1. May I ask you to order 380-387, 199-206 by the average number of other C-beta atoms within 10 Å around their residues, highest value first?
2. At a Förster distance of 41 Å, what's the computed FRET efficiency of residue 140 paired with residue 362, Cβ-Cβ distance as r, to 0.05?
3. Cα to Cα, under 17 Å, and not fewer than 8 places away if on the same chain: which lysines meet these conditions relative to residue 303?
4. Per residue Cα convex hull volume for the range 90-213, in cubic angstrom?
5. Set the Förster distance to 30 Å, then compute FRET efficiency between residue 162 and residue 27 from the Cβ-Cβ distance, nearest 0.05.
6. Starting from the Cα gyration tensor of the range 139-206, take the square roots of the eigenvalues, sort them a ≥ b ≥ c, and report rounded, prolate or oblate (rounded when a/c is under 1.5, otherwise prolate if a/b is larger than b/c, else oblate).
7. Quick one: dipole size for the range 23-145, taken about the Cα centre, charges +1 on Lys/Arg Cβ and -1 on Asp/Glu Cβ, in debye to the nearest 20.
8. With just the Cα atoms defining each centre, how far is the range 177-235 from the range 93-159? Give it in Å.
Amino acid sequence: MLTLIRGATLLAPDNLGKQDVLIAGNTLIAIERDIRLDTTLAVEVIDARDHYLTPGLVDSLTHITGGGGEGGYHTRTPAMEFSDAIGGGVTTVTGVLGTDAISRTLPDLLAKAAGLEAEGLSVVCHTGSYQVPIRTLTGNVQQDIMLIERFIGVGEVAIADHRGSQPSWQELARIGAEARVGGLLSNKAGIVSVHVGEGKDRLALLFDVAEHSNIPLSQYYPTHMNRSTALLDEGLRFTRGGGTIDLTASNTPEILDAGEIKCSEALAYLLDRGADENRITFSTDGHASLPHFNAAGKLESLKVGSMKAMLDEFRDAVKRDGVDLTRALKTVTTNPAAILKLPKKGRIKPGLDADLLLLDKDSLSLRSVMAKGEWCMRDGTMVKKGTFE
Ligand code: ZN
């Protein structure tokens, strides 16, 4: 099956102007100004002149089996479904466990990931959870990454958080070393996804690792970095040391009132201070619980992370906070694909996977989604759904 998308303004994520894009099966095969096909094969032609064509979004943190539970069993969040991702323009997800690694398990995570992949998404996972020592599938982190194809790293390991295991820098260095060698031997990212909580120690443990061991900051990928201005400032220092940081797109009014910085604003803040635009990502934190604890540590409210948040924050970064279109788009496409080491994702180029979005040029609203060469949303309507949707 051939699909020809005609005349869209291509954000690859660099703005390449009006281009025609040809897709065969699940692969992008040609990008040219004016593609002429002399063929008897069936070709679906899409007129996309009023649209931007962008890569499908790459989400580096999604609780695909559901997460949470910090308010008791009834607050365990529901699992992600196929259309949750597609509705938010996300075509690649990274499945993780979180606070709960007792009732949420790695076999369940891998099975859910395989199910979503069969339905049409691209899915990778991390071994482990918040807890240290890391609970793995095969006995250790290095082995999990090397032998389980879908595991590309470990995490999210919690630091600076009352829900974490309060690890030492030595323990974090050892986890980083295991992940690093596992990644080297399997040609995968081998990163440690780090959940950074509200604790005052912030990134201190990671800076200690870099100072006192042979493991570089780039081995760690801290998320929720837009919790506060103080944490963002440490994030800036972290990126200057060679690391990549992640901003959480999901938020709630309660969390923003408590001092968290809206993702789009945090991006503008970092770029204004000269941060490297290649070292910042957004993730949805989809299907996480978004708990708000008061000053006494009591749970006050709990909501669920939305898969639509990343696209919304990308749009707000451009429309509301004045970030350049390509720079904003990189945080949700090229940059996460680079840190996750997914070479066929996050860009539009011949030979790469046909994961594509069509956005309305004026409003940047999502119109159509193609995942691995298949249309899942067309002109705002879901045309492909998950098994039980
Ligand atoms: Zn987290």
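Read-outs throughout are calculated quantities, based only on the coordinates presented, and are distinct from any laboratory measurement. As the structure is a prediction and not an experimental result, all values here were calculated from the model. Cβ atoms come from the backbone with ideal geometry, glycine included; neighbour counts cover every protein chain shown.
1. 199-206, 380-387
2. Here the calculated transfer efficiency is 0.20.
3. 262
4. 106
5. For R0 = 30 Å, the calculated efficiency reads 0.05.
6. It is prolate, given that a/c is not under 1.5 and a/b is the larger ratio.
7. For this selection, approximately 400 debye.
8. With the range 177-235 and the range 93-159 each reduced to a Cα centre, they are spaced 18 Å.
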